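Structure, as structure tokens:
The values are calculated or read from the model by the stated rules, or taken from the named source; none is laboratory data. Being a predicted model, the structure only gives us computed values, none of them experimental. Here the Cβ is made from the backbone with ideal geometry for all residues, glycine too, and neighbour counts use every protein chain on show. Surface areas here come from the heavy atoms of the whole protein model, side chains and all, with no ligands, DNA or RNA. Shrake-Rupley method; radii C 1.70, N 1.55, O 1.52, S 1.80 Å.
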Amino acid sequence: MGREKKKGESGLATTYYSRSQAMRKLQISMPEFRRLCIFKGIYPQEPRHRRKVSKGSSVYKTYYYRKDIAWLAHEPLLQKGRDFKIFVKKLKRAFNDDDKVKIASLEEHRPLYTLDRMVKERYPTFVDALRDIDDVLTMVSLYSTLSSLKIKASVSQLCKRLLLEFMHYIIASKSLRKVFISIKGIYYQAEIQGQTITWLTPHQFPQRIPREVDFRIMNTFVEFYTTLLTFVNFRLFHSLNLRYPPQLEGYFSTELSLQLPSLLVNPNEVEYENDGDKGEYRELLESLSHSLVKIPETPTADTDDLIEEDIPTDLDPEEQARRDKAREEREKLDEFKTLFEGLKFFLSREVPKESLTFIIKCFGGSVSWDPSCGRGSTYPESDERITHEIVDRPSMNHSYLSRVYIQPQWVYDSINFRKLLPTDKYSPQTSLPPHLSPFTRDGEGDYIPPDKMMLAEDKTEEQEEEEEGEEEDEDLEEREEEEDLEEREDEGEGEEDEDVEALKPPSPKRRKLPIAPAMNLPVGSVVEGDGVSKEKDEETQRMEAEAKQEREERKLAVMMMTRTRRKLYDRIMEKRNKKSRRVRELKEKREEYNKEMKKQKSSTK
């Protein structure tokens, strides 16, 4: 006989560990276990059959894979934690004995750890790190605005520095694609090396810190995220041949720059004359208004000697169409990247300076502000070359006729619609149009705001003008062919012209309708009085009969469905009806809003 199997010794019961079992095996406490799991990227699992895993118990427990816990048992960071516990005990004993020599010796040998190896383990390739950087940027942006009541000031400054470095890369590479202002903050979307990255930056207001948030867990995540973002920034900067950490162009002298390392120039290690110079440099870096220094390129062979590959001319029509489409999209993208090129903006004091500077610089524009708002302004308000001044106040003391005054929303909407919008709707003291989200995709039956439809109609009008131009060219060619045929008729080539006319397809504009035999009228024509033809009524009756038949067939198909398929069909139809009701409600709200706006305009007049 075979050996008798006991309950809990095989199957699902041996695949999982409960959290208490895992901590008992690793011999660590709950905070240490949670911290280690966050660093290693190990998360709880939900078994399919909890009863089998828990050996029949109904108590809810958190489970982990047994192989993950075995992997954690060989983690070197686990030993570092144990060494740190021993260090703390020795340090407490030295403090109690007031042994200053022992305290100094222990501080020199404090156990330290780094998370570089864990970053390489979790993200073997750089693309993997880019795919997982959305949450990293959002968390770092949040911590850069928090006060020092819950977190350390050094952590907040580190997050602010890393975020500014990433924004400098976005400006240099012109990777920004979409921007949206919401109640939560400002959403940005960039495209880096084929990966779409979306992150949220909070508004520059004092943040209300909720009591129910456990900042110990968030601090652990931020510790790992800052290490990851440092790696990512380093790779991104060197992909554009920029120095990392960033160095402002023209700030350091040439002799000092030559003395610094060619690959890693760290302005924090430069010996400044006083602390004011160091603070000035940081403020200039945070202003985002100055360009960065590039690494000098090594001389390479002349590109003139290189032989370009011959582009194949005998391509498949589908392949050629695909290449033409890709080339058109690339040209549109290059034009979009230089949306604000040649424009000079001046920011008033009440507008969000950091966000507007970031997005304007991303699209090739120049921006400045009053020196009292911070360092980094490049030209004064009185500069006659300024084309747009961004204000958000009801009245102004003075104005210049050589520039356009707009509200900040014009910049965001122009980026989302990928063109410079008219400024009359965004002038000060005017009611702004709705700020539409660029992240929504309009499907069939969805509600489309009228403002978005108007912009879509503008695009279709441009396309219609192009199509009308093509039709005019075709009509001109047809007229030339007809003139040639008339000349041939004048020369006496009647028989040959009859053959040509027989082969020539009838023009849609000059095609003659067939004659109805009863009344000598074209088929489908309508005559006033008692001679109205019945073809139109017959057509409507035929369409009604087809619609009725289609409804009956649909009912029969539903009746022939199984119970499972009928339930699925009912859910689909309920979803459609709910969607149509939502669209109807939004349209009614829009109509009420338009009526209120008309009343306000009439009352102001």
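Can you spot a residue in the stretch 85-92 that is under 19 Å from residue 20 (Cβ atoms) and out of contact with any Pro (no Cβ under 9 Å at 6 or more places or on another chain)?
Scanning the stretch 85-92 turns up no residue that is under 19 Å from residue 20 (Cβ atoms) and out of contact with any Pro (no Cβ under 9 Å at 6 or more places or on another chain).
With the requirement that a residue be exposed (fewer than 14 other Cβ atoms within 10 Å of the Cβ) and either assigned to a loop (DSSP other than H, G, I, E, B) or without any contact (Cβ under 8 Å) to a residue 40 or more places away in the chain (or both), what does the stretch 1-19 give you?
If the condition is that a residue be exposed (fewer than 14 other Cβ atoms within 10 Å of the Cβ) and either assigned to a loop (DSSP other than H, G, I, E, B) or without any contact (Cβ under 8 Å) to a residue 40 or more places away in the chain (or both), then 1, 2, 3, 4, 5, 6, 7, 9, 10 are the ones that fit.
Given the criteria within 21 Å of residue 186 (Cα to Cα), hydrophobic (A, V, I, L, M, F, W, C) and either out of contact with any strand residue (DSSP E or B) (no Cβ under 7 Å at 6 or more places or on another chain) or surrounded by 12 or more Cβ atoms within 10 Å (Cβ to Cβ) (or both), does residue 339 qualify?
Yes: the conditions hold for residue 339.
Quick test for you: out of 165, 212, 223, pick the one residue that is among the charged types (D, E, K, R) and touching a Leu at 6+ places or on another chain (Cβ under 8 Å).
Just a single option satisfies the conditions, and that option is 223.
Filter the stretch 551-573 for residues that are open to solvent by less than 100 Å² (accessible area, probe 1.4 Å) and not aliphatic (A, V, I, L, M) and give the result.
If the condition is that a residue be open to solvent by less than 100 Å² (accessible area, probe 1.4 Å) and not aliphatic (A, V, I, L, M), then 552, 562, 566, 569, 570 are the ones that fit.
Residue by residue through the stretch 108-125, note down the ones that are in contact (Cβ under 8 Å) with a residue 40 or more places away in the chain, among the hydroxyl-bearing types (Ser, Thr, Tyr) and open to solvent by less than 80 Å² (accessible area, probe 1.4 Å).
Within the stretch 108-125, just 123 meets the criteria.
Can you find even one residue in the stretch 581-595 that is assigned to a helix (DSSP H, G or I), open to solvent by 100 Å² or more (accessible area, probe 1.4 Å) and at pLDDT below 85?
no
For residue 295, are the conditions met, namely being at pLDDT below 85 and either within 23 Å of the chain's Cα centre (by Cα) or under 23 Å from residue 167 (Cβ atoms) (or both)?
yes
Against the definition (of a type in the set (Asp, Glu) and within 30 Å of residue 434 (Cα to Cα)), how does residue 596 come out, yes or no? Working first, answer last.
Working: of a type in the set (Asp, Glu): yes; within 30 Å of residue 434 (Cα to Cα): yes.
Yes, satisfied.
Under 7 Å between Cβ atoms, at least 6 apart or on separate chains: pull out the pairs that start in the stretch 201-224 with a residue that is in contact (Cβ under 8 Å) with a residue 12 or more places away in the chain and end on any residue that is open to solvent by 100 Å² or more (accessible area, probe 1.4 Å) and of a type in the set (D, E, K, R).
Close Cβ pairs satisfying both conditions: 209/150; 215/150.
Can you spot a residue in the stretch 335-358 that is part of a helix (DSSP H, G or I), among the β-branched types (Val, Ile, Thr) and modelled with pLDDT of 85 or more?
Within the stretch 335-358 (the criterion being part of a helix (DSSP H, G or I), among the β-branched types (Val, Ile, Thr) and modelled with pLDDT of 85 or more), the answer is yes, since at least one residue qualifies.
Six or more apart or on different chains, Cβ atoms under 7 Å: show the pairs whose first residue is in the stretch 150-165 and of a type in the set (Gly, Ala, Ser) and whose second is surrounded by fewer than 17 Cβ atoms within 10 Å (Cβ to Cβ).
That search, which allows pairs on different chains as well, returns 156/148.
Are any of the residues in the stretch 539-554 modelled with pLDDT under 85, under 30 Å from residue 446 (Cα atoms) and in a helix (DSSP H, G or I)?
So far as the stretch 539-554 goes, yes, one or more of its residues are modelled with pLDDT under 85, under 30 Å from residue 446 (Cα atoms) and in a helix (DSSP H, G or I).
Residues of the stretch 23-43 being open to solvent by 40 Å² or more (accessible area, probe 1.4 Å), without any contact (Cβ under 8 Å) to a residue 12 or more places away in the chain and part of a helix (DSSP H, G or I), which ones?
24, 30, listed by residue number.
Which is surrounded by fewer than 13 Cβ atoms within 10 Å (Cβ to Cβ), closer than 17 Å to residue 181 by Cα and not β-branched (Val, Ile, Thr), of 437, 402, 414?
Matching residue, one of 437, 402, 414: 437.
Exactly one condition in (1) at pLDDT 95 or above; (2) buried (at least 18 other Cβ atoms within 10 Å of the Cβ); (3) within 30 Å of residue 338 (Cβ to Cβ) is false for residue 144; which is it?
(1)
So, residue 241, is that one more than 21 Å from the chain's Cα centre (by Cα) and at positive phi or not?
Yes; evaluated as a whole, the condition is true for this residue.
Looking only at the stretch 358-375, which residues are farther than 18 Å from residue 403 by Cβ and open to solvent by less than 10 Å² (accessible area, probe 1.4 Å)?
Hits for the stretch 358-375 are 358, 359, 362, 363.
With respect to the numbered conditions (1) touching a residue at least 24 places away in the same chain (Cβ under 8 Å); (2) surrounded by 12 or more Cβ atoms within 10 Å (Cβ to Cβ); (3) over 43 Å from the mean Cα position of the chain (by Cα), which one is the sole condition not fulfilled by residue 62?
(3)
Scanning for something of a type outside the set (Asp, Glu) and in contact with a Pro (Cβ under 7 Å, 6 or more places away or on another chain), does the stretch 358-370 turn up at least one residue?
No: zero hits.
When you scan the stretch 413-447, how many residues do you find that are more than 24 Å from the chain's Cα centre (by Cα) and either charged (D, E, K, R) or not in a loop (DSSP other than H, G, I, E, B) (or both)?
The qualifying residues number 3.
So, in the stretch 126-140, of the ones that are of a type in the set (A, V, I, L, M, F, W, C) and within 15 Å of residue 185 (Cα to Cα), which residue ends up surrounded by the fewest Cβ atoms within 10 Å (Cβ to Cβ)? Steps first, answer last, please.
Step one: filter the stretch 126-140 for residues of a type in the set (A, V, I, L, M, F, W, C), giving 126-127, 129-130, 133, 136-137, 139-140.
Narrowing further to those that are within 15 Å of residue 185 (Cα to Cα): 137, 139-140.
Details: 137: 23, 139: 20, 140: 24.
Among residues in the stretch 126-140 that are of a type in the set (A, V, I, L, M, F, W, C) and within 15 Å of residue 185 (Cα to Cα), the one surrounded by the fewest Cβ atoms within 10 Å (Cβ to Cβ) is 139.
Can you say whether residue 166 is at pLDDT below 90 and aromatic (Phe, Trp, Tyr), as far as the supplied structure shows?
no
Check 181, 170 and return the single one that is touching a Leu at 6+ places or on another chain (Cβ under 8 Å) and either more than 23 Å from residue 244 (Cα to Cα) or open to solvent by less than 40 Å² (accessible area, probe 1.4 Å) (or both).
Answer to the selection: 170.
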